[in-house]
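A short worksheet on the structure shown next.
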Amino acid sequence: MSEYASTGFALNDNQKAERKLLVTAVNMGDSITDSTGTPNWVVIGAGVEDSSIEYNPDTEKVTDILGITETTVNKLEPEQSLDPMTVRGGNPLLFKLTDIIERNAVSEFSLFEVMIIRAYIDEAYGKAASVHGYHAEVHKNCTITPESNGGDAYVDMPITIAYSNDKVLGTTNAYKFSDTIEFTPNDANFNSSSTGEEETIPSEDENTGEEPATETETTTET
Amino acid sequence: MDKNKIVLDWLKEFENFDKLYFNFGDVEHGAMAFIPTPTDRVIKTDILGNQTKLYKFAVTAFLTFDTIPNSSSNLVDYSQLQLLINWVSERNKNKIFPDFGKDCEVEKIESLQNVPQIAGQNENIAQYLMQFQITYIEKEN
């Protein structure tokens, strides 16, 4: 069952979603798993005319004796390429990648938190809410690899993002390059559970199929 | 934001302008006119919605000419106009651009021809034409 309340796109009937409403942002601040500290979400893609998240589905097709074909999707391995990614002053991601290259610290390519914001789905759509709730998913420990460094008129550094699928669902208040983006996880206990504090028992809404608990379970020794 | 006025004010920094008109002016020796071309169009849009646009304009100049063999008068006038093309090129190299505001970033300004072009003449006056192009990015708001 969905973690979200939205049942449709934040668009009028037949209205097309503009490409600028699907945004990729990289965390260049503190991790979202830190209970203190502040993430710094940097929207990427300025100057990139075309980029898609390729899901690379791994599928299996079986046709039975009745001639019915069943297709099973085993996994998705999403990736996204961004080209040219021209080096610009003040770009923290490309500076970080350059630093990793200079130190040859290749393992650090796999430590990025990357967020996909779908600003065409808004929890606040059609409501009187003053704060937007754009659907967002943060993938932890993604790998961002620079493909090359150079180009013709300016220095380009095209990159490929390999999403981890280890994702945290939530919402953001904004999505534009110039905005300060704040990510709010759907799981209100997301940060507290990462510090080892007591967890609440999952409710039926989290699709466990169990009866909702009315109180925290405890054990006592006699 | 009136880009025409911004570019006109920027052009006026060229010290060799004697009389600079906007679109229309007197047809007399030394008169020059700034003429924006209706082409402020989008050439590409990136995935964030930022648009790369072109703003084109022309500068025309009216100068007397002579048809005397071995006269250097025409060449001297021509060289004066060439200075404007060189000036724009220098400004581009030093990134001294017209300011289109905080939501616009000028990438480059270039001359579309390397020498002034003769656009017309009558018995006494020749009309020269120089065309320029500003490439800028209008940021998604």
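Taken over segment B:38-49, residues that are surrounded by 14 or more Cβ atoms within 10 Å (Cβ to Cβ), over 18 Å from B:Phe97 (Cα atoms) and touching a residue at least 12 places away in the same chain (Cβ under 8 Å) amount to 2.
When the residues of segment A:123-151 are narrowed to those that are modelled with pLDDT under 95 and of a type in the set (D, E, K, R), which ends up nearest to A:Ser6 (Cα to Cα)? Per the criteria, the residue is A:Glu123.
The test for being out of contact with any Asp or Glu (no Cβ under 7 Å at 6 or more places or on another chain), in contact (Cβ under 8 Å) with a residue 12 or more places away in the chain, within 14 Å of chain A (Cβ to nearest Cβ) and part of a strand (DSSP E or B) holds for B:Thr52. Of all residues in segment A:28-69, those that are within 14 Å of chain B (Cβ to nearest Cβ) and assigned to a loop (DSSP other than H, G, I, E, B) total 8. Quick check on segment A:73-80. Is at least one of its residues within 14 Å of chain B (Cβ to nearest Cβ) and surrounded by 14 or more Cβ atoms within 10 Å (Cβ to Cβ)? Taking every residue of segment A:73-80 in turn, at least one turns out to be within 14 Å of chain B (Cβ to nearest Cβ) and surrounded by 14 or more Cβ atoms within 10 Å (Cβ to Cβ).
Beta carbons closer than 9 Å, at least 6 apart along the sequence or on distinct chains, pair a first residue in segment A:1-23 that is facing chain B (nearest Cβ under 9 Å) and among the acidic types (Asp, Glu) with a second that is in a loop (DSSP other than H, G, I, E, B) and open to solvent by less than 70 Å² (accessible area, probe 1.4 Å) for A:Glu18/B:Gly49.
When segment B:9-36 is filtered for residues that are exposed (fewer than 15 other Cβ atoms within 10 Å of the Cβ) and in contact with a Pro (Cβ under 9 Å, 6 or more places away or on another chain), the ones remaining, listed by number, are B:Asp9, B:Phe22, B:Asn23. Are there any strands (runs of 3 or more DSSP E) wholly within segment A:74-179 with 3 or more residues that are in contact (Cβ under 8 Å) with a residue 60 or more places away in the chain and among the hydrophobic types (A, V, I, L, M, F, W, C), and if so which? So the answer is A:112-122, A:159-162.
Residues in segment B:73-90 that are without any contact (Cβ under 8 Å) to a residue 24 or more places away in the chain and within 12 Å of B:Lys108 (Cβ to Cβ): 1 in all. Of the residues making up segment A:160-186, just one is farther than 18 Å from A:Ile117 by Cβ and either within 14 Å of chain B (Cβ to nearest Cβ) or not β-branched (Val, Ile, Thr) (or both), namely A:Ala162. Scanning segment A:44-51 finds one or more residues that are more than 14 Å from A:Phe183 (Cα to Cα) and of a type in the set (Ser, Thr, Tyr). Taking the condition under 30 Å from A:Leu21 (Cβ atoms), of a type outside the set (A, V, I, L, M, F, W, C) and open to solvent by 50 Å² or more (accessible area, probe 1.4 Å), does B:Thr52 pass? Answer is no for this residue. Can you tell me which of (1) under 11 Å from the mean Cα position of the chain (by Cα); (2) surrounded by fewer than 13 Cβ atoms within 10 Å (Cβ to Cβ) is the one B:Phe57 doesn't meet? Result: B:Phe57 fails condition (2) only.
The values are calculated or read from the model by the stated rules, or taken from the named source; none is laboratory data. Bear in mind that the values here come from a model prediction, so they are computed numbers and not experimental data. When we count neighbours, we look across all protein chains shown, and the Cβ atoms used for this are built from the backbone with ideal geometry, even at glycine. Only protein heavy atoms, including side chains, enter the accessible area calculation; ligands, DNA and RNA are left aside. Shrake-Rupley method; radii C 1.70, N 1.55, O 1.52, S 1.80 Å.
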